[in-house]
1. Which one of these is at pLDDT 95 or above, buried (at least 17 other Cβ atoms within 10 Å of the Cβ) and of a type in the set (S, T, N, Q): A:GLN19, A:GLN6, A:GLN79?
2. Mind listing whichever residues of region B:1-57 are part of a loop (DSSP other than H, G, I, E, B), under 21 Å from A:ALA39 (Cα atoms) and more than 14 Å from the chain's Cα centre (by Cα)?
3. Kindly state which strands (runs of 3 or more DSSP E) lie completely within chain A and contain at least 3 residues that are in contact with a Gly (Cβ under 9 Å, 6 or more places away or on another chain) and without any contact (Cβ under 8 Å) to a residue 40 or more places away in the chain.
4. For residues in region A:35-54 being loosely packed, with under 14 Cβ neighbours inside 10 Å and within 14 Å of chain B (Cβ to nearest Cβ), which is nearest to A:ILE4 (Cα to Cα)?
5. So which of A:LYS81, A:LYS57, A:LYS96, A:LYS76 is at the interface with chain B (Cβ under 9 Å from one of its Cβ atoms), more than 19 Å from B:GLY40 (Cβ to Cβ) and basic (Lys, Arg)?
6. Output the residue which, of all residues in region B:96-116 that are surrounded by fewer than 22 Cβ atoms within 10 Å (Cβ to Cβ) and hydroxyl-bearing (Ser, Thr, Tyr), is modelled with the lowest pLDDT.
7. Any idea which residue in region B:1-47 is farthest from B:SER94 (Cα to Cα), counting only those that are at the interface with chain A (Cβ under 10 Å from one of its Cβ atoms) and among the small types (Gly, Ala, Ser)?
8. Which condition breaks for B:GLN50 when tested against (1) touching a Leu at 6+ places or on another chain (Cβ under 9 Å); (2) farther than 22 Å from A:TYR86 by Cβ; (3) at pLDDT 95 or above?
Amino acid sequence: GQNIDQPTEMTATEGAIVQINCTYQTSGFNGLFWYQQHAGEAPTFLSYNVLDGLEEKGRFSSFLSRSKGYSYLLLKELQMKDSASYLCAESEGTYKYIFGTGTRLKVLA
Amino acid sequence: GAGVSQSPRYKVAKRGQDVALRCDPISGHVSLFWYQQALGQGPEFLTYFQNEAQLDKSGLPSDRFFAERPEGSVSTLKIQRTQQEDSAVYLCASSLSTGGAAGELFFGEGSRLTVL
């Protein structure tokens, strides 16, 4: 996605914490989503931020700063099953979703 | 079923063949999207339906691509005279949201198209 910038790959150790950053263009912003996608599977919803601040949901948290066009996904107590691609997606206008290329996370034992 | 269903899951086509990919969204979901996902990339928007109306087809790569949703439920993405560059996973997603606040997208598992 041309509007979204996120790292291509990250590696972390089981039990650790990892932060995946995402920057986006702010025009027409209507929300920021994070999706998880295991290889060969459908993306599944993780989180949604439309207001500034931190949203916590179990081991996963997501942060948004609208003025900076910046979000991050924080994964705590990493497990092997967290190895997947994490897609940052910006909602623009009433229905358009722009996806980043995804960050492939490898969790090592 | 409870989720978004797509068929076929895998399709191998010879260059020049026509293909049709089907999507069964979650019942009651007004919005339906088609995305194209190349290997190692994020989903790229193709087209959007609200009920039976195709409100945006700006992402369709060429006039060989055509999508319909005649009764506001099942949708079909048709690709005519397939080319090798059409090889990708085609994802369908549906959403309760019709506009205003953005809604969560529910994705199907995709149809993997390989053009030889």
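1. Result of the check over A:GLN19, A:GLN6, A:GLN79: A:GLN6.
2. Passing the criteria: B:GLY3, B:LEU39, B:GLY40, B:GLN41, B:GLY42.
3. The qualifying strands (runs of 3 or more DSSP E) are A:60-65.
4. Looking at the filtered set, the residue picked out is A:LEU51.
5. It is A:LYS96.
6. Per the stated criteria, the residue is B:THR98.
7. Filtering first and then ranking leaves B:GLY40.
8. (3)
The values are calculated or read from the model by the stated rules, or taken from the named source; none is laboratory data. All figures in this text were calculated on a predicted structure; none of them were measured in a lab. Note that we place each Cβ from the backbone using ideal geometry, even for glycine, and neighbour counts take in every protein chain shown.
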